[in-house]
Amino acid sequence: MCTIIPFPLVRFTPGDVACWTRLAEDKVSRGLWQPHRRVTSREADSFLVSFPDADRPVFKFERDRAGNYRLSFNDRRGWHMIGSGKTAEECLAVWDQPRRRDAGTNRDAG
């Protein structure tokens, strides 16, 4: 008999982590972001991002207990949602769109 342990909805999946890493590594390698920090609780799994000269997280990407994704910006007055979705890709599309537009432009030119 095989026991199947369900994946908790509050945790990022390996695919979520890969999607996040693809976008974050570019910004970290260019010195725009500090390496991100992962924080997991019973309520959410989150990646927190700080700018090199900031003493606090500026961006937060999270998955909640219902499996919903949110991307938020902290402007010193609090967190403001700038993206959301049912998948990591959908939520992070706010940052991925320029890359998609460039790819579409390159295809059209060829």
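A single entry from Asp26, Asp64, Asp16, Asp55 fulfils the requirement of being surrounded by 13 or more Cβ atoms within 10 Å (Cβ to Cβ) and either free of Cβ contacts under 8 Å to residues at least 40 places away in the same chain or not charged (D, E, K, R) (or both): Asp26.
Any idea how many residues of segment 1-54 are β-branched (Val, Ile, Thr), assigned to a helix (DSSP H, G or I) and over 11 Å from the mean Cα position of the chain (by Cα)?
Step one: list which residues in segment 1-54 are β-branched (Val, Ile, Thr), which gives 3-5, 10, 13, 17, 21, 28, 39-40, 49.
With assigned to a helix (DSSP H, G or I) added as a condition, the list becomes 17, 21, 28.
Checking which are over 11 Å from the mean Cα position of the chain (by Cα) leaves us with 28.
Of the residues in that region, 1 qualify.
Any read-out appearing in this document is the output of simple, stated calculations on the displayed coordinates, not a laboratory observation. The structure displayed is predicted, hence computed values, not measured ones. In this analysis, Cβ positions are derived from the backbone assuming ideal geometry, glycine residues included, and neighbour counts consider all displayed protein chains.
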